[in-house]
Amino acid sequence: MTNENIAEPTGFAALGISGQLLKATHAAGFIEPKPIQEQAIPAQLEGRDILGIAQTGSGKTAAFALPILSKIIALGTKRRPRTARALILAPTRELAVQIEETVKVLAKGAHISTALVLGGVSRHSQVKRIAPGVDFLIATPGRLTDLVREKDLILSDTTWLVLDEADRMLDMGFINDVRRIAKATHPARQTALFSATMPNEIAELAKGLLHDPVRVEVAPQGTTASEIRQGVIFARTKQKRQVLSTILADDAMRSVIIFARTKHGADRVTRDLERDGFEAAVIHGNKSQNARQKALNGFRDGSVRILVATDIAARGIDVPGISHVVNFDLPDEAESYVHRIGRTGRNGQDGVAITMVDPSENAKLRQVERIIRMQLPVLADHLDQPDPQPKSREHNADRRPEAANDRELRRDGKRATGGERASKPAGKARSGGNASNSNRHWPEKTGAPRPAGERTPDGAKPRKFRRRTRKPAARAA
Ligand SMILES: Nc1ncnc2c1ncn2[C@@H]1O[C@H](COP(=O)(O)OP(=O)(O)OP(=O)(O)O)[C@@H](O)[C@H]1O
Ligand SMILES: [Mg+2]
């Protein structure tokens, strides 16, 4: 950001943002609009429905919040009891809380009332807060449905509806609630759907909610932020704990979020980390809302260096300065990979994403590579090494084993050099038993995009990508 830019407040003003809203936007440090904001704000100000696709960390929140705020401010302050003018739906409570924070910052001084409706916390205080009517309601669908059912909230005045993380909101776990909620809103409402991913089958469902939408696609859905350096480490499940402790010993891993597929898995990773001498907080759906928000806040304020999470923290969470994302295992849904790694490399910052892959996860890895349209470079391969012997290593950081071929990765987060791979002759069967990894054929320029579906002559039986079966998203509220 240069002084020249600050002196020239044409960016957001040129998009149609003015007055106090423009002042607050600038005060928040938003001077130059991001591409998704540049494209989506004017269309929404014109009253158009939007399907907005842009990479993680690219400013989608302000892209939907600013035009709605602008219109609400222009309307003045008349509100009816128990109504909400704008409704933002999000898949997790933590994301709803964060969106409210952003809206408050952007609308500072503009007399906009906001409220949160989400599960896991007192219902009474939420009902009280919306009783006089609010401008901006941010909610998770479960609790919202309860409040509407009990007539504590009336949606008939709601003329703006946003689904943040729209593909998630239209997933099996939420779709019925979302449809019911949408039906209860004003018939002439304006609708906006935003996400970094939008599988075709979900985009079809989205059509039912949108009226003659503008599709704003800053990058094809599934595109990962270019600032994130990504790579995989091949390690059997039994090796992963040791590999993780090894890479975490590097000081460059300043602020790390580790994703595990299950709640139980997240707890186990956290326990093992503690035994290996690392302090870590954990966030997943079996924790109380207080504990969840406390873990996230600690991570946000820097008092916690390592956060272990399930996919509950994969979408939307904006913690500036996360240096690394580690996937302890691959997610069930390939899209989650895009969102998980998108917790780093946000808003132009650099980030590193490391994914540990057991041979049993190869099919999932292929699905991920298919949706991100690139093949991930191999940072290290431990499959020809024996499993670690169980022994007590508690609180003994000095004795943490170190895998030689993680060295380079640990130093700067970059992939290992081609030499490492070259030292493993193609076709050599590994002690891990899965020969197909050893002769994956990597492109000349590692990480260069390659056509989706193009697989390598790796000796493995050619197989089609399995049809993805979608698992119901956990209800957030
Ligand atoms: N125009 C802007 N100028 C400066 N910073 C911005 C601007 N727009 C957004 N940001 C900042 O960029 C970060 C990412 O924004 P945001 O959380 O809206 O991304 P996103 O696209 O919603 O990502 P995700 O897909 O992960 O939800 C935030 O910290 C936000 O404050
Ligand atoms: Mg977002």
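Computed from the coordinates by the stated procedures, all read-outs in this text should not be read as laboratory data. What you see is a predicted model; the values in this text were computed from it and never measured. Cβ placement follows ideal geometry from the backbone for every residue including glycine, while neighbour counts extend to all protein chains displayed.
Here are a few things to note about the model shown:
- The tail of the calculated P(r) for the range 151-246 beyond 19 Å holds 56 percent of all Cα-Cα pairs.
- In order along the range 361-368, the phi-based Karplus estimate (6.51 cos²θ - 1.76 cosθ + 1.60, θ = phi - 60°) of 3J(HN,Hα) comes to 9, 4, 5, 5, 4, 4, 5, 4 Hz; Gly and Pro are listed as x.
- Per-residue ³J(HN,Hα) for the range 244-257, Karplus 6.51 cos²θ - 1.76 cosθ + 1.60, θ = phi - 60°, Hz, x for Gly and Pro: 4, 4, 5, 6, 6, 5, 6, 5, 5, 7, 5, 9, 10, 10
- In order along the range 121-133, phi translates into HN-Hα couplings of 10, 3, 6, 4, 5, 5, 4, 4, 5, 8, 3, x, x Hz, rounded to whole numbers, per the Karplus curve 6.51 cos²θ - 1.76 cosθ + 1.60 with θ = phi - 60° and x for Gly and Pro.
- Cβ-based net charge around Ile154, under 9 Å, with every Lys or Arg adding one and every Asp or Glu removing one: +1
- Only Lys, Arg (+1) and Asp, Glu (-1) charged, at Cβ; the range 11-217 dipole about Cα centre in debye: 900 debye
- Once the gyration tensor of the Cα atoms in the range 11-217 is diagonalised, the equivalent ellipsoid follows with semi-axes of 24, 21, 15 Å, ordered largest first.
- Look at the dipole of the range 228-381 built from charges on Cβ: of Ile228, Leu244, Thr262, the Cα furthest out on the positive end belongs to Thr262.
- Under 5 Å between amide hydrogens, built in the peptide plane, is the criterion, and for Val216 it picks out Leu51, Gly52, Ile53 among residues at least 5 positions away or on other chains.
- With K and R counted +1 and D and E -1, the other residues having a Cβ less than 11 Å from that of Asp318 yield a net charge of +3.
- Taking amide H atoms as placed 1.01 Å from N in the peptide plane, the amide H of Val326 lies under 5 Å from those of Ile257, Ile258, Phe259, Ile354, each 5 or more residues away in sequence or on another chain.
- Take the Cα radius of gyration of the range 88-140 and divide it by 2.2 N^0.38 Å, N being the number of residues; the result is 1.08.
- Value in Å of the Kirkwood radius, where the range 228-381 supplies the Cα pairs that are averaged: 15.3 Å
- Listed residue pairs exceeding 31 Å between alpha carbons, taken from Lys104/Lys151; Lys207/Lys364; Lys104/Lys364; Lys151/Lys207; Lys34/Lys263; Lys34/Lys240: Lys104/Lys364; Lys34/Lys263; Lys34/Lys240
- Amide H within-cut-off set for Val162, under 5 Å, with H built and near neighbours excluded: Leu87, Ile88, Leu89, Ala192
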